[in-house]
Structure formats: structure tokens, C-alpha cells
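Enquirer: Got a structure for you, questions after.
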Amino acid sequence: MKISKKNHPRFVVPGYGTKNRSRIPDRWRKQRGTDNKKRVALSGYGATPHIGYRNSDSVRFLRADGSREVLVHNHNELMALTSNPKEIVVVLAHDLSRRKRLEMQGVADKFKLRIANRTKAPEPKPQKKAPAKAEQKKPDATDAKKEAAQGAGEKKV
């Protein structure tokens with residue numbers, strides 16, 4: 001089932017008076033200047049948000065597929081949503097750690113809940129192979145003599 005909502009224009013801060021508008025982000029802030037043309041609603045300065053752009057209550061806060069997004073902060077909130085998994089899409093909170101996120105994703109998979117902002121599981125790092133250790137010989141008396149001779153030769157120099 002595809003939900004159709006009203007279309008509305010982009011509500012942006014006007015950038016008139018600037019040669020390069022790239023430094024002004026596309027976001028809405030109400031115009032409060034006394035002589036501001038957009039506040040006075042002169043034509044040609046863009047639309048401002050009004051109550052008439054609001055969608056009907058039956059489709060507000062719904063995704064395009066008809067499901068509803070629910071923000072989840074902890075395990076208890078996630079478990080409360082397991083009763084109707086087809087009508088809900090889980091959104092994991094921004095401040096969850098990676099470990100908690102992966103745990104909650106596992107629980108959601110078990111109950112067939114959809115997650116909108118799924119985190120990829122970390123790929124296991126390839127382990128470096130340790131070099132094969134050669135069998136170590138027990139030091140012989142001849143090896144000790146050689147080391148002593150080398151040590152003595154260095155001292156004379």
C-alpha cells in the first residue's frame with residue numbers, strides 16, 4: 001500500500017544579497033526582520049510554512065509504505081514493539097553504542113522487526129599468521145665459546 005502525501009515547496013532561508021549562496025544551508029528559519037520581504041509575503045520570495053501544508057491525520061508520520069517509525073532507546077522499548085512487527089519500522093536512537101546497537105539488531109531480527117538505520121556488523125579482521133618457530137637448540141659449550149670470543153674481540157677495538 002503506497003501512501004500519498006501532499007507536496008509542498010522547499011522552505012529555505014532566502015539568500016538574496018549574496019553572490020554565492022552555497023554557504024547558506026538549505027533549512028528553514030522564520031524571518032524576523034522588520035523590512036524582510038519574505039516575512040511580509042511579497043510574491044517571488046518563496047513560500048513560508050503554513051498550517052495548510054499539513055497532511056491529514058490518517059497519513060501524518062507514516063512512511064511511504066504505510067508503516068510507522070518508532071524511535072527506540074533501549075531493550076525494553078524494543079520488546080514493547082514485538083506485538084505488531086508489520087506496522088512498525090524501528091529507528092535506533094543516535095546515542096546507542098555499537099555493541100548495544102548490534103545486540104538490539106539481533107533481537108529485532110529474531111522478532112522480524114524492520115530497522116531503518118541498521119548498522120553493519122564489523123567484519124572480522126584477518127589474523128596474521130605467526131611465523132613458525134624453529135626448534136630451538138640447547139646451547140652447546142662450543143656456542144658459548146664462540147660468543148665469548150666475539151665479545152672479547154669487540155672489547156679490544
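Enquirer: With Arg21, Arg39, Arg68 as the choices, which residue is surrounded by 10 or more Cβ atoms within 10 Å (Cβ to Cβ) and either hydroxyl-bearing (Ser, Thr, Tyr) or closer than 30 Å to Asn84 by Cβ (or both)? Spell out how you get there, then give the answer.
Expert: Numbers: Arg21 fails: either hydroxyl-bearing (Ser, Thr, Tyr) or closer than 30 Å to Asn84 by Cβ (or both); Arg39 fails: either hydroxyl-bearing (Ser, Thr, Tyr) or closer than 30 Å to Asn84 by Cβ (or both).
Step by step, each of Arg21, Arg39, Arg68 is checked, and only Arg68 is surrounded by 10 or more Cβ atoms within 10 Å (Cβ to Cβ) and either hydroxyl-bearing (Ser, Thr, Tyr) or closer than 30 Å to Asn84 by Cβ (or both).
Enquirer: Restricting segment 1-46 to residues that are in contact (Cβ under 8 Å) with a residue 40 or more places away in the chain and of a type in the set (D, E, K, R), which is farthest from Leu62 (Cα to Cα)? Working first, answer last.
Expert: Step one: of segment 1-46, the residues in contact (Cβ under 8 Å) with a residue 40 or more places away in the chain are 1-6, 8.
From the residues that got through so far, the ones that are of a type in the set (D, E, K, R) too are 2, 5-6.
On the way: Lys2: 10, Lys5: 9, Lys6: 13 Å.
The selected residue is Lys6.
Enquirer: Taking segment 84-115 only, how many residues are assigned to a loop (DSSP other than H, G, I, E, B), within 22 Å of Arg60 (Cα to Cα) and more than 14 Å from the chain's Cα centre (by Cα)? First the steps, then the outcome.
Expert: Of segment 84-115, the ones assigned to a loop (DSSP other than H, G, I, E, B) are 84-87, 93-97, 111-113.
Then keep just the ones that are within 22 Å of Arg60 (Cα to Cα); that gives 84-87, 93, 113.
Filter once more, so that each one left must be more than 14 Å from the chain's Cα centre (by Cα): 84-87, 113.
Qualifying residue count, segment 84-115: 5.
Enquirer: Something else: In segment 1-18, which residues are loosely packed, with under 12 Cβ neighbours inside 10 Å and over 30 Å from Lys86 (Cα atoms)?
Expert: Pro9, Arg10, Tyr16, Gly17, Thr18
Enquirer: Out of the residues in segment 42-61 that are at pLDDT 90 or above and in contact with a Lys or Arg (Cβ under 6 Å, 6 or more places away or on another chain), which is surrounded by the fewest Cβ atoms within 10 Å (Cβ to Cβ)?
Expert: Step by step, filter segment 42-61, then rank; the result is Val59.
Enquirer: Provide a single number: the residues in segment 76-94 that are of a type outside the set (A, V, I, L, M) and at pLDDT below 95.
Expert: Filtering segment 76-94 down to residues of a type outside the set (A, V, I, L, M) leaves 76-77, 82-87, 94.
Still in the list and also at pLDDT below 95: 82-87.
Within segment 76-94, residues that are of a type outside the set (A, V, I, L, M) and at pLDDT below 95 number 6.
The values are calculated or read from the model by the stated rules, or taken from the named source; none is laboratory data. The shown structure was predicted, so the numbers you read here are calculated from the model rather than taken from an experiment. Here the Cβ is made from the backbone with ideal geometry for all residues, glycine too, and neighbour counts use every protein chain on show.
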